[in-house]
Amino acid sequence: MNDNSLPPKSYQPTLVGFVIDVSSSMRRNWKNRDGRRMPQIEVIKEALNRQAKKIKVLYASKPDIKTVDLFCVGMGFRRPMKKWQLVDLANNREIPQEQLIESMTDATVVCDILALTEIIPTKVELQEIEERISAKWSNYSSQILQKVNFRDSLYDDFVFYIRGSLQTTALKRLNDSFRGNLLKALIGRTLWLNNRWLNHHTQKLKKWKAETEKRIEFTSFDESFSYTENIKQAAEKIFQNNADKYEEYIRQTLDEFVSQQSSRILELLTLGHAALTVFDTFDENKAYMLAEKIYGHLEEDIQPKITGTWIFSRRRLKVITRAIKGKLNDKKVEDFTKQVVKKVVWDELRPFVKIKVIDIFKDAFKKKAKERFYEWIDLSTSREIVRSIKDIANILPDALEQDIYSDDFMFGATPIYNTLKKVSLRFTDKRYAKHQKVLVIISDGEFTENAAPDVANLLRKSGVTIVNLYISNKNIASKLVEQAGKSWPIGAKMMFEMSSISAKEDGVSHALRNLEYRIEIGKKLFIQVNHSQALEDILDALLINE
């Protein structure tokens, strides 16, 4: 029978919920797949995001694979509770009281992580923004700096001019000198050279002239190159000595504009607009005006320094010119010198300004993003995102992570009871009535509430299979067991109690049996995970079980 005639394999759709512990205890170090020690939550982030990318590739090659919808809730986020004033509402009146409640930090925030991940700009979006800003600034620069564009051959032209002028004028003066004319006269009268004395002095004059010509040629060659290099080095010092001052001016000039634009762009990204379309709101006229102001200021600042470089450098050239009795057009040398200095300085300034502008935007984005994190967390607590796993690029945020995975926003308490109540609302949604339902809890069990098993029991009775992945550096279980060990930590015992029991008809147990981990019927689905590879293996079994 031809394989193509077989009916397609049917899969029961699955709804998988993740509860991820981001509390303070998850900051402890753990080894990732490369053996590096990192905070446990960051290792989990790496593992989950790798899994998401792996599944996207799998779906691309096997579009008929089973449907898996996914949501992800994090417990242990932080946010400030703002200062507020008590108000007496008695007698239908609003009377502010003198008592003020100072701001505090709520460390028990339960956040929809997929919502947070979708709100926070991704690395790709930030890269697109950076590239767009770079392209725009390059365009502004090319328009403004037309007057400071120089031909590539300027340095060689200057060397050639000095060398040629010195050599030509010095040789002419040599030929027109008394001894030069005398030598020409003696050579022109061959009969005179029959005289032994005259012939001797003629040969001496020839030798003198040849040596002088050689000295003129060498000096012209050497000094033309040396002078140009000295000028270039002096010009580079102009830039180096003033770079910090220029950067400060650029920052002061752009600070308000960049701050406003960064806020606007982040606002639009937060609302779901694509990164590239966000730039339709970019204030082009204002940006061009500021670019023009910056370049105008820099031009004004370096002009007197260019003149000073010429005044200081011309002395040596005059000494050399007199030494070989050559002559240079001072006006032309001055113009050349200033052009060379200006070219060197602007060749340094162009990329410098561009890099600093990009850095200023990056810094502003980072600052404004950090200011918005609490707003993003607030938005994420009120949203309930469920996505097909094939549509998820990252489960946990991967942009601006140095700020997200910090004491400012994570590593709070572990409100497991409130978290499970929120999770229950997802599983009881009528849209997923025909889905197989799996809840995966990733935690070290250091909870701040004790009533979680009651909610977990209701979830199990409603048909949700609960798998607890217990994170600890201390081995307490190498296989599934029927009851918790007496010496187990309290949190491990609670997670064990919340877990479902492995059953023969249970799809989760069937999937997990594909692992080397020993899965037995009738045992609790409580699995200790000590490293990222074990976590990824379990996620493979749960999410890509065919």
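The values are calculated or read from the model by the stated rules, or taken from the named source; none is laboratory data. Everything numeric in this text was worked out from a predicted model, so none of it was measured. Positions of Cβ are generated from backbone atoms using ideal geometry, with glycine treated the same way; all protein chains shown enter the neighbour counts.
Going through segment 124-139 one residue at a time, which ones are out of contact with any Leu (no Cβ under 9 Å at 6 or more places or on another chain) and either closer than 25 Å to Asp69 by Cβ or in contact (Cβ under 8 Å) with a residue 12 or more places away in the chain (or both)?
Val124, Glu130, Ile133, Ser134, Lys136, Trp137, Ser138
Name the one entry in Ala234, Ala291, Ala243 that is buried (at least 17 other Cβ atoms within 10 Å of the Cβ) and closer than 15 Å to Lys354 by Cα.
The match here is Ala291.
Would you point out the residue of segment 277-288, among those that are in a helix (DSSP H, G or I) and of a type in the set (Asp, Glu), that is surrounded by the fewest Cβ atoms within 10 Å (Cβ to Cβ)?
Per the criteria, the residue is Asp280.
Could you tell me whether segment 509-528 includes any residue that is surrounded by 16 or more Cβ atoms within 10 Å (Cβ to Cβ), modelled with pLDDT of 75 or more and among the aliphatic types (A, V, I, L, M)?
Yes.
Being in a helix (DSSP H, G or I), β-branched (Val, Ile, Thr) and modelled with pLDDT under 90 narrows it down to one residue among Ile265, Ile238; which is it?
That would be Ile265, the only listed residue that is in a helix (DSSP H, G or I), β-branched (Val, Ile, Thr) and modelled with pLDDT under 90.
Specify the residue that is nearest to the chain's Cα centre (by Cα); the eligible residues are those in segment 279-329 that are farther than 29 Å from Lys136 by Cβ and free of Cβ contacts under 8 Å to residues at least 12 places away in the same chain.
Pro304
Does Ala170 satisfy being small (Gly, Ala, Ser) and not in a helix (DSSP H, G or I)?
It is false that Ala170 is small (Gly, Ala, Ser) and not in a helix (DSSP H, G or I).
In segment 203-216, is there at least one residue being within 60 Å of the chain's Cα centre (by Cα), modelled with pLDDT of 90 or more and in the same structural domain as Phe158 (by TED's automatic domain parsing)?
Looking for residues that are within 60 Å of the chain's Cα centre (by Cα), modelled with pLDDT of 90 or more and in the same structural domain as Phe158 (by TED's automatic domain parsing), one finds at least one in segment 203-216, hence yes.
Looking only at segment 302-333, which residues are part of a helix (DSSP H, G or I), surrounded by 15 or more Cβ atoms within 10 Å (Cβ to Cβ) and not aromatic (Phe, Trp, Tyr)?
Within segment 302-333, Ile302, Lys305, Ile306, Thr309, Ser313, Arg314, Leu317, Ile320, Thr321, Val333 qualify.
What pairs come up if the first residue lies in segment 428-443 and is within 28 Å of Ser25 (Cβ to Cβ), the second is among the acidic types (Asp, Glu), and their beta carbons are under 9 Å apart, counting only those six or more places apart or on different chains?
Within 9 Å, the pairs are Ile441/Asp21; Ile442/Asp21; Ser443/Asp21.
Residues that are among the hydrophobic types (A, V, I, L, M, F, W, C) and either at pLDDT 65 or above or more than 29 Å from Phe447 (Cα to Cα) (or both): does segment 29-42 have at least one?
Yes, the conditions are met somewhere in segment 29-42.
Name the residues in segment 137-151 that are touching a helix residue (DSSP H, G or I) at 6+ places or on another chain (Cβ under 7 Å) and either crowded, with 22+ Cβ neighbours inside 10 Å or part of a helix (DSSP H, G or I) (or both), would you?
Those that are touching a helix residue (DSSP H, G or I) at 6+ places or on another chain (Cβ under 7 Å) and either crowded, with 22+ Cβ neighbours inside 10 Å or part of a helix (DSSP H, G or I) (or both): Trp137, Ser138, Tyr140, Ser141, Ile144, Leu145, Val148.
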